Amino acid sequence: MSVSHSSRLNKEVREKYIKLPQGDMVQVTYIWIDGTGENVRCKTKTLDYEPKSIEEVPEWNFDGSSTYQAEGSNSDMYLIPVKMFRDPFCLDPNKLVMCEVLKYNRKPAEINLRHTCKKIMDMVSDHIPWFGMEQEYTLLGINGHPYGWPDNGFPGPQGPYYCGVGADKVYGRDIVESHYKACLYAGVKVCGTNAEVMPSQWEFQVGPCEGIDMGDHLWMARFILHRVCEDFGVVATLDPKPMTGNWNGAGCHTNYSTADMRKEGGLKHIEDAIDKLGKRHDYHMCLYDPHGGKDNSRRLTGQHETSSIHDFSAGVANRGTSIRIPHQVAQEGFGYFEDRRPAANCDPYAVTEALVRSTILNETGSETKDYWTN
């Protein structure tokens, strides 16, 4: 199996230096989404104090021409700190900081979907929208081949791998458990993990989070995943269909509720919300992957526990529908529903904003161009 050269470095030597005292200085790693809308970048600076709140973390800048976000002739872009976490790699008192990106004129960068999401979440705060997102991903070797798969063939068909145990059924659990602990240390609201249906595919869940916190926590969990995989020398891909053929794709199922849905009689509010989503199916499909539905079209085929990208459907406990109402919710008459359409590489800011726009703000139509304008 092909792993990266950096993973072969002696990690025990690194630990000697990590344990050195650093005086009153603090390392702050700034993290942002690059121009692809899928990848994260980071860089670190030293502060002579430990920030106690996000307001104490200074703005910074970076070269946008090297991140697909600006021209070389005018490349300075601003990093605006928005959420702070503990650093599980350099340890306390060091920090990880999620940032928004502003252009040279201090207007939001085109890929900065958090900016409008925050405005929308502030508008509907009285409804107390809760989200939980289930991030599926696939582990690959540096050569792009699924980790643990035979070099010149395929593993046995799907069946024994989902939530499996055993060396012949799961690949990469060390990575998964390291990621889980790192998220807990950082303060990310990770709430679970499991092996998925395709071998070398895994899932972690983040939530429940209210409003804008959902996007902040999921993006940080993704950064930590990529960083952990770097140590192990493998790659985590969020490709919605990493392997063609009779293999499950990767989604980011999104559980959603409002205060009314969580109260007695909430099932009626859930059904009303689903009806609104059905009328805006095309709008949501354009926003549920970074490429306007092209990625999801490879995954949402109506097979492998998915609905068709072309049709909207809903049902109780049915994993072949666009929207699933859990059995417990149907029986109790209140709770939440699961939108199974978002792709693994979706932007959670876009997904959560779209759900709120359609179900709380009661927006209609399927045009998306206005929603990408900051």
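The values are calculated or read from the model by the stated rules, or taken from the named source; none is laboratory data. Computed from a prediction, not measured in an experiment: that's the story for all the values here. Neighbour counts run over all protein chains shown; Cβ positions are idealised from the backbone, glycine included. To get the accessible areas, we keep the full protein, side chains included, count just its heavy atoms, and leave off ligands, DNA and RNA. Shrake-Rupley method; radii C 1.70, N 1.55, O 1.52, S 1.80 Å.
What whole number of Å gives the distance from the Cα centroid of region 158-201 to the Cα centroid of region 46-86?
A separation of 32 Å, based on Cα centres.
If you take every DSSP beta bridge fully contained in the chain, what fraction is antiparallel? Give it as a percent rounded to 5.
About 90 percent, rounded to the nearest 5.
Give me the extension gain from Glu230 to His310: residue separation times 0.36 nm, minus the current Cα-Cα distance, reported in nm with one decimal. Can you show the working numbers first?
Values: separation 80, 0.36 × 80 = 28.80 nm, distance 3.72 nm.
The Glu230-His310 span can extend by a further 25.1 nm.
Kindly count the pairs of lysines across region 1-103 whose alpha carbons are less than 22 Å apart, treating pairs on different chains or eight or more residues apart as eligible.
Final tally of qualifying lysine pairs is 19.
Any chance you could run the full-extension gain for Lys107 through Val124? It's 0.36 nm times the residue separation minus the Cα-Cα distance, nm to one decimal.
3.8 nm
Between Ser7 and Lys268, what FRET efficiency follows from the Cβ-Cβ distance if R0 is 41 Å, with the result rounded to 0.05?
Efficiency, from the Cβ-Cβ distance: 0.20.
How far is it, in nm, from the label point at Glu55 to the one at Lys181 when both lie 7 Å from their Cα along the line to the Cβ?
That separation, rounded to one decimal, is 3.6 nm.
Keeping the other protein chains in place, figure out the carbon and sulfur percent of the accessible area of region 89-244, with a 1.4 Å probe. Could the numbers behind the result be given before it?
Values: 3380 of 6150 Å².
Summing carbon and sulfur atoms, their accessible area is 55 percent of the total for region 89-244.
Using the beta-carbon distance between Asn362 and Asp92 and R0 = 45 Å, what value does 1/(1 + (r/R0)^6) give for FRET efficiency, to the nearest 0.05?
Computed FRET efficiency for Asn362 and Asp92: 0.50.
Counting only protein heavy atoms and using a 1.4 Å probe, what share of the accessible area of region 9-82 belongs to carbon plus sulfur, as a whole percent? Working shown, then result.
Numbers: 2190 of 4520 Å².
Using a 1.4 Å probe with all protein chains present, region 9-82 comes out at 49 percent carbon and sulfur.
DSSP loop (so not H, G, I, E, B), at most 13 other Cβ within 10 Å: list which GluC sites (Glu not before Pro) in region 1-94 pass both filters.
Listed in order of number, the matching sites are Glu59, Glu71.
Quick check: residue separation of Ile18 and Thr244 times 0.36 nm, minus the Cα distance between them. What number comes out in nm?
Residue separation times 0.36 nm, minus the Cα-Cα distance, leaves 77.2 nm.
Given a cut-off of under 8 Å on Cα pairs at least six residues apart, what relative contact order in percent is computed for the chain?
17 percent
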